[in-house]
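The values are calculated or read from the model by the stated rules, or taken from the named source; none is laboratory data. Since this is a predicted model, take the numbers as computed values, not measurements. As a convention, Cβ positions derive from the backbone with ideal geometry for all residues, glycine included, and neighbour counts pool all protein chains shown.
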Amino acid sequence: MPPSTRRLETNPLKGFYAGPPDRIALCAYTDLQPTFIKYPGYAIDGFNMKSSEVTLLQDCMDQCIANPRCRSMEHVTTNKGACRLQPVTKLGAADSVWRAHSDWNYYQRTCL
């Protein structure tokens, strides 16, 4: 999808459903969209499946969209910049791993 068609969504629950009682937010990988919901100043600790030096947010989004397992990503522009791809979302991770990180921004992919 061309960069001009990517956008940030405002509805964090769009297309996700809960799998009680284990609190997992599920979305079929085939239903993940090339759009993201931004959570400024937050990150999820401990689930990184890929990390890279990336300055531009768009490059980080492109990496996530290209990876069929990427449900969310984190991006920071300080120093050389960084991008972390994750197979989980805020909705499915335990509260204890959801942390305030002033330099990072968390982006969750939307779901059909």
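Out of the residues in region 10-66 that are modelled with pLDDT of 90 or more and hydroxyl-bearing (Ser, Thr, Tyr), state the one that is farthest from Ser102 (Cα to Cα).
Per the criteria, the residue is Thr35.
Every residue in region 59-78 that is of a type in the set (A, V, I, L, M, F, W, C) and surrounded by fewer than 17 Cβ atoms within 10 Å (Cβ to Cβ), please.
Ala66
Against the conditions (1) of a type in the set (Gly, Ala, Ser); (2) more than 16 Å from Tyr39 (Cα to Cα); (3) touching a Ser or Thr at 6+ places or on another chain (Cβ under 9 Å), where does Ser96 fall short? Just the number, please.
Among (1) of a type in the set (Gly, Ala, Ser); (2) more than 16 Å from Tyr39 (Cα to Cα); (3) touching a Ser or Thr at 6+ places or on another chain (Cβ under 9 Å), the lone unmet condition for Ser96 is (3).
Which of the residues that make up region 27-85 are closer than 15 Å to Asn105 by Cα, in contact with a Leu (Cβ under 6 Å, 6 or more places away or on another chain) and touching a residue at least 40 places away in the same chain (Cβ under 8 Å)?
Within region 27-85, Phe36, Lys38, Cys64 qualify.
Filter region 76-104 down to residues that are in a loop (DSSP other than H, G, I, E, B) and of a type in the set (Ser, Thr, Tyr), then give me how many there are. Show your work before the answer.
We begin by selecting, within region 76-104, every residue in a loop (DSSP other than H, G, I, E, B); these are 77-81, 87-94.
Remaining after also requiring of a type in the set (Ser, Thr, Tyr): 77-78, 89.
Residues in region 76-104 being in a loop (DSSP other than H, G, I, E, B) and of a type in the set (Ser, Thr, Tyr): 3 in total.
Taking the options Leu56, Leu32, Leu112, name whichever one is surrounded by 19 or more Cβ atoms within 10 Å (Cβ to Cβ) and aliphatic (A, V, I, L, M).
Answer to the selection: Leu32.
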